[in-house]
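Presented below is the structure to which this report refers.
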Amino acid sequence: MDAATLDSLPHLDELWVFVDDDFDRQLEWSDFITNTLIGKYQLPIKLIHSRSHPTKSRPKDVAEKFNLPLIGVLPAMWDLVLANKHEKKPLIDNLVAFRKMEPAFHQLAKELIGEELEVKYKPSFWLKIKRKLMGSIDSN
């Protein structure tokens with residue numbers, strides 16, 4: 001981490017670290033996380049496993065190596081990202097991609113907001129109309 005990033009650490013409540021199945025790369029960061037982030041800054045750290053394969057990844061094993069809580073698992077999206085490279089809309093607008101990511105995003109939102117998140121936000125017809133109208137005003 002560069003100096004500016006280290007200077008921002010005392011202002012954080014907690015830090016979320018993204019990890020994947022590259023165990024050797026994770027071990028390179030293990031001492032820094034344990035000695036600097038936790039030891040020196042007393043910063044609570046939580047892990048998010050990214051690019052997780054449903055049968056080949058072992059996110060819980062990675063979390064155990066760090067002895068840190070695992071708060072989310074993001075699925076690998078390689079195939080959908082590659083298929084979306086020539087599209088003019090963002091990947092999240094792809095229903096298949098949305099359905100693949102939604103459980104993970106919901107879990108992370110629950111981690112941030114708490115149990116109050118149980119009711120999913122579904123905008124009404126009129127709220128959708130209002131957003132479209134406001135969007136057209138903002139774009140002018």
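The values are calculated or read from the model by the stated rules, or taken from the named source; none is laboratory data. Just so it is clear, the model here is predicted, and its values are computed rather than measured. Methodologically, a virtual Cβ is constructed for each residue, glycine included, from the backbone with ideal geometry; neighbour enumeration extends over all protein chains shown. Side chains are part of the model used for accessible areas, which takes the heavy atoms of the whole protein and leaves out ligands, DNA and RNA. Shrake-Rupley method; radii C 1.70, N 1.55, O 1.52, S 1.80 Å.
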Gap separating the Cα centres of the range 62-121 and the range 3-34, nearest whole Å: 20 Å
Of TYR41, ILE92, SER57, farthest towards positive along the dipole that unit charges on Lys, Arg, Asp, Glu beta carbons give the range 1-111: ILE92
Cross-link partners of LYS110 among aspartates and glutamates (Cα-Cα below 13 Å; sequence separation of 8 or more within a chain): GLU102, GLU118
Accessible area in square angstrom per residue, the range 1-103, 1.4 angstrom probe: 69 Å²
Accessible carbon and sulfur surface of the range 1-61 relative to its total accessible area, %, 1.4 Å: 52 percent
All aspartates and glutamates inside 17 Å of LYS89 as judged from Cα atoms, apart from same-chain residues fewer than 8 positions distant: ASP79
